[in-house]
Amino acid sequence: MKAIVITQPGSPEVLQLQEVEDPQIKDDEVLIKVEATALNRADTLQRKGSYPPPKGASPYPGLECSGTILSVGKNVSRWKVGDQVCALLGGGGYAEKVAVPAGQVLPVPSGVSLKDAAAFPEVACTVWSTVFMTSHLSPGESFLVHGGSSGIGTFAIQMGKCQGVRVFVTAGSEEKLAVCKDLGADVCINYKTEDFVARVKEETGGKGVDVILDCMGASYFQRNLGSLNIDGRLFIIGTQGGAKTELNITSLFAKRLTVQAAGLRSRSTENKALIVSEVEKNVWPAIAVGKVKPVIYKYLPLCEAAEAHQLMESSQHIGKIMLVP
């Protein structure tokens, strides 16, 4: 099969389409013929050499895909050859075929094309596991999403609205904020021209929001704490603004704040299977009735993976960037 190989750590041009060996499936895995895959920031970090795949995972980038099952391991009972599915991957999505543990496979959501279904697994599993399973965002609460126009952000806005939550977003242009508003965001803040802490305080009568989903890390850390309500929860899923900062621990006491962080890729197959199961139960029905839709910026052929990475790193896109073998 053909796959995108990281020929050496570096800039996007190190991504090369090459002929490689087909993946071999284990007894509890399925082999998927890839219809589409989607970019994630983790792919760009892996390309630079700073985010290696977990032990035993495919060396090729790509953390989600959609496609058709070509074969199933002998311990797999739910799936059969010919099923149209999408899947959460440990790696290997930038290829014509990929092997996946059966517990990380999902049916294509009702009303979504096989191609578009590749936009969902990583964002749905990330947002549901962090914001809802761990931070317990509940109806009537308020929720701030940084990077509201990203793949994660566009999904989180829609999911928050489904759950009866007041959604705040930050983004860096009026065009991006307009898309966020169309998706249901209640308060849209341009982080380049406004102080998001002041705006959050103003919009909440000085209280702050209940949950923040943050991809920036260090550069936003203190400001995030200042934007939280009593019993507020900050969940960090990225360090685009750096990984090291100072914390005055007393700032957590008065408002009983919780700070958490997690990645998805490094979790055990058992933990991923649990998250995938919860996503199918709680998120897929919202997609089926049209309350949550895929937000796709562009489809590119797999051979243009380097151009796709350049686009992601320019941050000009809104929603997901997709690759098609």
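Using a Gaussian network for the chain with springs between C-alpha atoms less than 10 Å apart, which of these wobbles most: 154, 193, 258?
Greatest mean-square fluctuation among the candidates belongs to 193.
Any idea what angle helix 305-314 forms with the longest principal axis of the chain, computed on alpha-carbon atoms, 0 to 90 degrees, nearest 10?
0 degrees
Counting pairs of alpha carbon atoms under 8 Å apart in space and at least six apart in sequence, what relative contact order in percent does the chain give?
After rounding, I find 19 percent.
Which of 212, 296, 32 moves the most in a Gaussian network model of the chain with Cα springs under 10 Å?
In the Gaussian network model the winner is 296.
Taking a cut-off of 23 Å between Cα atoms, list the lysines near residue 181, but don't count ones fewer than 8 places away on the same chain.
The qualifying lysines are 161, 192, 201, 207, 291, 293, 298, 320.
Quote to one decimal, in nm, the extra length available between residue 96 and residue 80 on full extension: 0.36 nm per residue of separation minus the C-alpha distance between them.
Taking residue 96 through residue 80 to full extension adds about 3.9 nm, to one decimal.
Could you run the Karplus curve 6.51 cos²θ - 1.76 cosθ + 1.60 with θ = phi - 60° over the range 98-104 and give me ³J(HN,Hα) per residue in whole Hz, x for Gly and Pro?
Once rounded to whole Hz, the list reads 8, 8, 9, x, 4, x, 9.
Straight-line reach only, C-alpha to C-alpha below 25 angstrom: list the lysines that residue 80 could link to, leaving out same-chain residues fewer than 8 apart.
Within the straight-line cut-off, residue 80 pairs with 2, 26, 33, 97, 115, 272, 281.
Once phi is turned into θ = phi - 60°, what whole-Hz ³J(HN,Hα) does the Karplus curve with 6.51, -1.76 and 1.60 give for every residue of the range 28-39, x standing for Gly and Pro?
Per residue, the Karplus-derived 3J(HN,Hα) values read 9, 10, 10, 9, 10, 7, 6, 8, 7, 9, 10, 7 Hz.
Springs between alpha-carbon atoms under 10 Å, Gaussian network over the chain: tell me which of 227, 110, 315 tops the mean-square fluctuations.
Comparing 227, 110, 315 in the GNM, the peak value goes to 315.
Measuring from a point 7 Å past the Cα of residue 21 along Cα-to-C-beta, which residues in the range 59-77 have an amide N at less than 17 Å?
The answer is 59-60, whose backbone nitrogens lie closer than 17 Å to the label point.
Can you tell me the orientation of helix 151-162 relative to the chain, as the angle in degrees between its alpha-carbon axis and the longest Cα principal axis, to the nearest 10?
It works out to around 60 degrees.
Using a cut-off of 13 Å between beta-carbons, work out the net charge of the residues near residue 112 (Lys and Arg +1, Asp and Glu -1, residue 112 not included).
+2
Along the Cα-to-Cβ line of residue 48, 7 Å from the Cα, sits a label point; which residues in the range 291-325 have backbone N less than 18 Å from it?
Correct set: 306-317.
So what does residue 191 come to for accessible area, using a 1.4 Å probe and Å² rounded to 10?
100 Å²
Would you mind working out the accessible area per residue for the chain, using a 1.4 Å probe, and quoting it in Å²?
On a per-residue basis, 43 Å².
Enter the accessible area of residue 115 (Å², nearest 10), with the probe set to 1.4 Å and all protein chains included.
80 Å²
Report, to the nearest whole %, how much of the accessible area of the range 135-261 belongs to carbon and sulfur atoms, 1.4 Å probe, protein only.
52 percent
With every protein chain present, what accessible area does residue 313 have (1.4 Å probe, heavy atoms only), rounded to the nearest 10 Å²?
Approximately 70 Å² of residue 313 is accessible to the 1.4 Å probe.
Could you please put 223, 233 in sequence from largest to smallest accessible area, using a 1.4 Å probe?
223, 233
Fully extended, how many nm does the chain gain between residue 281 and residue 113 (0.36 nm per residue separation, minus their Cα-Cα distance)?
Gain in length upon complete extension: 58.5 nm.
In sequence order, what are the phi-derived ³J(HN,Hα) couplings for the range 52-68 according to the Karplus relation 6.51 cos²θ - 1.76 cosθ + 1.60 with θ = phi - 60°, rounded to whole Hz, with x for glycine and proline?
x, x, x, 4, x, 7, 4, x, 7, x, x, 9, 6, 7, 10, x, 10
Explain nothing, just the number: dipole magnitude of the chain about its Cα centre with +1 on each Lys and Arg Cβ and -1 on each Asp and Glu Cβ, in debye rounded to the nearest 20.
Using only the charged Cβ atoms, the result is roughly 520 debye.
Where does helix 174-183 land angle-wise versus the long Cα axis of the chain, in degrees 0 to 90, nearest 10?
Helix 174-183 sits roughly 80 degrees off the main axis of the chain.
Using +1 at the Cβ of each Lys and Arg and -1 at the Cβ of each Asp and Glu in the range 239-325, identify which of 314, 249, 295 lies farthest towards the dipole's positive end.
249
Kindly work out what percent of the DSSP beta bridges joining two residues of the chain are antiparallel, to the nearest 5.
Bridges in the chain that DSSP calls antiparallel: roughly 50 percent.
Would you mind getting me the FRET efficiency between residue 262 and residue 291? Use the beta-carbon distance for r and R0 = 22 Å, nearest 0.05.
0.30
The values are calculated or read from the model by the stated rules, or taken from the named source; none is laboratory data. These figures come from a predicted structure and were not determined experimentally. All Cβ positions, glycine included, derive from the backbone under ideal geometry; neighbour counts span all protein chains shown. Keep in mind that these areas ignore ligands, DNA and RNA; they rest on the heavy atoms of the full protein, side chains included. Shrake-Rupley method; radii C 1.70, N 1.55, O 1.52, S 1.80 Å.
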